[in-house]
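**Student:** Could you have a look at this structure, given as structure tokens, before my questions?
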Amino acid sequence: MSSSRCISCGLIHQPGQCNLETSTTPPDEPMDITPLCCCTCYFSVIGSFFLLFLIVLGLTKLGTRQSCYVELFANSVSISNANANVSAADWTIGFVARSPVTGCEVSIHTLNSRLLRGTEVISKSSSPSSGYFVTGDKTEVVFEKVVMPKVIGDVIWDSRVEIMFAMNTNARYLNGFLMAACPTIPVKFTTDQSGKVMGSLLGNVKRCDYIFQKHLDSLRS
């Protein structure tokens, strides 16, 4: 029993479903794939892959927003307005916020901070800016009139910083405030032939611990 078929854009219709009015190929002859059919199939495949790419990209960004994690470090120390004949100088300590999660964007802003040597507060600093958030994951804090060590050339091991940051990220749940503590910031002091005193962070960046809160009142309570 012979079966008839209808060819349309390369598709073979089942027996009983052939539309003879739209068929351009006589029964039992080779399929005729037209340029229109090729273009339609080509763009359909390309469109499918593009749609799949958009879905994967959206899921990746959603995963980044849900898994953003921030690490805080003290990454630099510099001394200014210092020489061997003065007992105090200005210290500038740099901080950086990083995330091991790709695509996690972080901005931090210093609200207030204090520099301690042991348990003694030796200097305080407040941010001069009225805005909480700034673009960038780095900030510097200036502590004025910090008492210099008596013996130039020593390393001060017991310096530490307590600091409050406002933080903004591209993760909805991780926008708020950090109360950070950076213990044991070792500062190396040297002096040149002109008597200028220089200080720098000894070693690599130093990790800071912090407590995160959505609201400022939670930190003050």
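**Student:** How many of the residues making up the stretch 112-137 are at pLDDT 90 or above and within 27 Å of the chain's Cα centre (by Cα)?
**Tutor:** Here the count works out to 4.
**Student:** Going by what's in this entry, would C18 be described as assigned to a loop (DSSP other than H, G, I, E, B), surrounded by 16 or more Cβ atoms within 10 Å (Cβ to Cβ) and modelled with pLDDT under 80?
**Tutor:** yes
**Student:** Same structure, new question: Regarding I185, is this residue at pLDDT 80 or above, at negative phi and buried (at least 17 other Cβ atoms within 10 Å of the Cβ)?
**Tutor:** It is true that I185 is at pLDDT 80 or above, at negative phi and buried (at least 17 other Cβ atoms within 10 Å of the Cβ).
**Student:** Looking only at the stretch 35-66, filter to residues that are surrounded by 14 or more Cβ atoms within 10 Å (Cβ to Cβ) and modelled with pLDDT under 65; which one of those is nearest to P100 (Cα to Cα)?
**Tutor:** Among them, the one singled out is T64.
**Student:** Looking for whichever is assigned by TED's automatic domain parsing to the domain that holds W157, surrounded by 15 or more Cβ atoms within 10 Å (Cβ to Cβ) and modelled with pLDDT of 90 or more here; the options are A171, A180. Which one fits?
**Tutor:** On inspection, the qualifying residue turns out to be A180.
**Student:** Please work out if F189 is touching a Phe, Trp or Tyr at 6+ places or on another chain (Cβ under 9 Å) and either touching a residue at least 24 places away in the same chain (Cβ under 8 Å) or of a type in the set (A, V, I, L, M) (or both).
**Tutor:** In short, no.
**Student:** Give the residue that is surrounded by the most Cβ atoms within 10 Å (Cβ to Cβ), with candidates limited to residues of the stretch 77-95 that are closer than 16 Å to T190 by Cβ and either at pLDDT 90 or above or not assigned by TED's automatic domain parsing to the domain that holds K145 (or both).
**Tutor:** W91
The values are calculated or read from the model by the stated rules, or taken from the named source; none is laboratory data. All values derive from a computational prediction rather than experimental measurement. Backbone-built Cβ (ideal geometry, glycine too); neighbour counts: all protein chains shown.
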